[in-house]
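Step one of this worksheet: look at the structure below.
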Amino acid sequence: MGDSLTYKILREHLVEGTLKQGEEITIKIDQTLTQDSTGTMVYLQLEAMNVDKIKTELSVAYADHNTLQTGFENADDHAFIESAAKRHGVIFSKPGHGICHQLHLEDYGIPGKTLLGSDSHTPTGGGLSMLAIGAGGLDVAIAMAKGTYILTVPGILNIELKNSLMQWSSAKDVILKILKELTVKGGVGKIIEYTGDGVSSLSVTDRATITNMGAELGATTSIFESDENTKQYLKNQGREEDFRPLKADSDAFYNEHIVIDLSQIPPQVAKPHSPDNVSDVREAGPVPVDQVAIGSCTNSSYTDLMKVAGILKGHKVKENVSLVISPGSSTILAEMARNGALADLIDAGARIIENACGPCIGMGQSPKSGAVSLRTFNRNFKGRSGTNDALIYLVSPETAAVSAITGVLTDPRDMDIEYPVINEVSFSKKDSFIVNPGREGKSIPLEMGSNILPFPINTELSDELILTTALKVKDNITTDDIMPSDARLLPYRSNIPYLSRFSFEKIDKDFPQRCEEKGSCLIVAGDNYGQGSSREHAALAPLYLGVKAVFAKSFARIHRSNLINSGILPLVFKNEEDYETISLYDTVSLSNLREGLERGEIKAVNLTKNLTYDLVNTLSKKERKIILKGGKINL
Ligand code: MIC
Ligand code: SF4
């Protein structure tokens, strides 16, 4: 049988190991990206590794998350990242340039290359046929230092797309529909490869919307082939020479195969508080709306925003509605300023904010109490907007724009309005927001602001642990739950001691204090623990607070790696019923850990209840070494 596109790229990049599902392999990483809210840790870690020269072909440090400068902290972080980037030969993209994933597509992505990014939505690059994977900051620092990444070969899920979309439905509706069918756990342990005759009807940015939200499925990454649309996209960006045609063999082997008929997908909406809580927009009904937010790495491309401008032209945003737009890049915004579409948006009553993540990560524009906010973003976890009781709905740009006019959640097919047809344009590019690294390298001093503190480092694993259960949580806990991030807390991403005081704030605000009182602690969790973002702060803050182990029914991929990298044991219940029997404050002991890790099974004793638990150690040999050493930095 032939190769999938994924296997072709993995084969080209294989450094060590056997390319077989479930095997651990080392692959060459061609490119890395970091952003500012995970980036300070990455560059602190790179400094700690004392690396002279990075080994990647290209590495870019974007500043796009922490762009509200309500105090000195974010600007200090940017100055630090810029200085570290110069020291290590990394390109720095200044704040205001745009959102990392949109910018990387426009300026640097190359079909067939591997990309590792310290952000969970790095798979956006799969729209441009990259094998683009999100990872914790330390793994990205190591990829820069060594040019490699270790990965367990996932199963390949082939989603065959048939036919083309109906008018008013778009790529966002496709991925929401897939989320409805597969759920937020449906992609765990998988790479999703899209094929079929429907692919040619989707532009690169449509494809990127779909691969972007593969992160919400829990997938390692998602990928499309590289074809004439890819060539046209690169040509429009002035980089036709980066094009390379790529597709799977016609008899490629896939572990799973499903078919989606694009022509049968009406506009979709993900209702509060999970991206897989999806229904047809018509079914969800005419929910009155307070805020509409358009942008994010999912839906802020030129075509998306031009469609929004086309819909809003000559209309007025409903009186009770605040419409806020954060374009994906300065190139897009400048083009819309030149062609007049920006004026159409402003005339309609849109609030234009910076080219950045903005409201997607609660960095400003938190909605009013109890508000309904329609967003073209990718995550609608409770509290992520910065307003804990807000109800966030995820929709396409078309549905968002139409609903901003009507003031209620509206299927665009139900409004008598002409469908906006958007023509391809060649972008005129400026490099005003780019700082290229000079030749001075390590002689450049690091600019360390006073809020940038050393990251916590674990100690070697002891053979016996006596832990207090400091928290018990349910299924699908997100990293936004573990380490909330909004305009208030994002400025402290470089200050783990301060940040850790807010760990699990929205679920159990006494958790940090409990840890402080009890010393060595345990977290008990349900399925898919740690889904969502790549922020290693969700491991570093618990590490700082004394968490030594997490017992869960299952873990999300990136968070599991971040726990291991921090030397925190991620252990899985052999019998899921055992989860029910552990209570807050129970004392749990783990003994003969080294031998247990070697054998693959560990026994824990609940000393409070006199019960024994079997835990499965899912650690690979390499991961075991990391845990024994108390984390990857130590190793
Ligand atoms: C997110 O969308 O949650 C973020 C903010 O981009 C995170 C990264 C972070 O927490 O800094 C992600 O997706 O990895
Ligand atoms: Fe930024 Fe939101 Fe995309 Fe995360 S999901 S990278 S916060 S735009």
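The values are calculated or read from the model by the stated rules, or taken from the named source; none is laboratory data. Computed from a predicted model, the values in this text were never measured in an experiment. All Cβ positions, even for glycine, are placed from backbone atoms using ideal geometry, and neighbour counts span all protein chains on display. These accessible areas exclude ligands, DNA and RNA; they are computed on the full protein's heavy atoms, side chains included. Shrake-Rupley method; radii C 1.70, N 1.55, O 1.52, S 1.80 Å.
Just a few scattered comments:
- Of residues in the stretch 449-478 being over 27 Å from the mean Cα position of the chain (by Cα) and surrounded by 17 or more Cβ atoms within 10 Å (Cβ to Cβ), the one farthest from SER583 (Cα to Cα): LEU461
- When restricted to residues that are assigned to a helix (DSSP H, G or I), among the aliphatic types (A, V, I, L, M) and surrounded by fewer than 23 Cβ atoms within 10 Å (Cβ to Cβ), the stretch 79-99 contains 1.
- Pairs, first farther than 8 Å from GLY328 by Cβ in the stretch 96-108, second open to solvent by 10 Å² or more (accessible area, probe 1.4 Å) and of a type in the set (Ser, Thr, Tyr), C-beta under 6 Å, six or more apart: HIS97/SER330
- Residue satisfying condition, being under 25 Å from LYS629 (Cα atoms) and either modelled with pLDDT of 95 or more or out of contact with any Phe, Trp or Tyr (no Cβ under 8 Å at 6 or more places or on another chain) (or both), within set PRO484, PRO497, PRO491: PRO497
- Of residues in the stretch 480-495 being away from ligand 2 (no atom under 15 Å from the Cβ) and assigned to a loop (DSSP other than H, G, I, E, B), the one surrounded by the fewest Cβ atoms within 10 Å (Cβ to Cβ): ARG488
- Cβ pairs under 6 Å, 6+ apart, first in the stretch 413-439 and over 16 Å from ASN339 (Cβ atoms) and outside any loop (DSSP other than H, G, I, E, B), second open to solvent by less than 70 Å² (accessible area, probe 1.4 Å) and of a type in the set (Phe, Trp, Tyr): ARG413/TRP168; VAL435/PHE92
- Check on VAL42, modelled with pLDDT of 95 or more, assigned to a strand (DSSP E or B), within 16 Å of ligand 2 (Cβ to nearest atom) and open to solvent by less than 10 Å² (accessible area, probe 1.4 Å): no
- Selected residue (criterion: most open to solvent (accessible area, probe 1.4 Å)) from residues of the stretch 142-192 that are in contact with a Phe, Trp or Tyr (Cβ under 8 Å, 6 or more places away or on another chain) and of a type in the set (A, V, I, L, M): ILE142
- The stretch 463-481, residues that are touching a Phe, Trp or Tyr at 6+ places or on another chain (Cβ under 7 Å) and of a type outside the set (D, E, K, R): THR468, THR469, ALA470, LEU471, ILE477, THR478
- No other residue among LEU157, LEU151 is modelled with pLDDT of 95 or more and under 28 Å from ALA539 (Cα atoms) apart from LEU151.
- Unmet criterion (only one of (1) without any contact (Cβ under 8 Å) to a residue 60 or more places away in the chain; (2) under 21 Å from GLY441 (Cβ atoms)) for GLN69: (2)
- Evaluation of VAL292 against the conditions (1) in contact (Cβ under 8 Å) with a residue 12 or more places away in the chain; (2) more than 20 Å from LEU333 (Cα to Cα) shows that the sole unmet condition is (2).
- Conditions (1) out of contact with any Lys or Arg (no Cβ under 9 Å at 6 or more places or on another chain); (2) part of a helix (DSSP H, G or I); (3) surrounded by fewer than 24 Cβ atoms within 10 Å (Cβ to Cβ): number failed by GLN102: (3)
- Filter pass, ILE133 being of a type in the set (A, V, I, L, M), surrounded by 24 or more Cβ atoms within 10 Å (Cβ to Cβ), outside any helix (DSSP H, G or I) and in contact with a helix residue (DSSP H, G or I) (Cβ under 8 Å, 6 or more places away or on another chain): yes
- Boolean, ILE361 is within 16 Å of ligand 2 (Cβ to nearest atom), under 16 Å from ALA63 (Cα atoms) and surrounded by fewer than 24 Cβ atoms within 10 Å (Cβ to Cβ): no
- Sole exception among (1) under 23 Å from the mean Cα position of the chain (by Cα); (2) at positive phi for GLY89, by number: (1)
- Members of the stretch 496-526 found to be buried (at least 19 other Cβ atoms within 10 Å of the Cβ), within 16 Å of ligand 1 (Cβ to nearest atom) and not in a helix (DSSP H, G or I), listed by number: SER503, PHE504
- Count of the stretch 376-407 residues which are among the β-branched types (Val, Ile, Thr) and within 16 Å of ligand 1 (Cβ to nearest atom): 2
- Residue count, the stretch 219-258 (criterion: in a loop (DSSP other than H, G, I, E, B) and crowded, with 23+ Cβ neighbours inside 10 Å): 2
- For the stretch 149-206, filtering for residues that are out of contact with any helix residue (DSSP H, G or I) (no Cβ under 7 Å at 6 or more places or on another chain), among the acidic types (Asp, Glu) and more than 23 Å from ASP304 (Cα to Cα) leaves 2.
- Answer from GLY310, GLY314 - the residue that is assigned to a helix (DSSP H, G or I) and either more than 16 Å from ligand 1 (Cβ to nearest atom) or surrounded by 24 or more Cβ atoms within 10 Å (Cβ to Cβ) (or both): GLY310
- Residues in the stretch 527-567 that are away from ligand 1 (no atom under 12 Å from the Cβ), closer than 20 Å to THR221 by Cα, part of a loop (DSSP other than H, G, I, E, B) and open to solvent by less than 10 Å² (accessible area, probe 1.4 Å): ASN528 alone.
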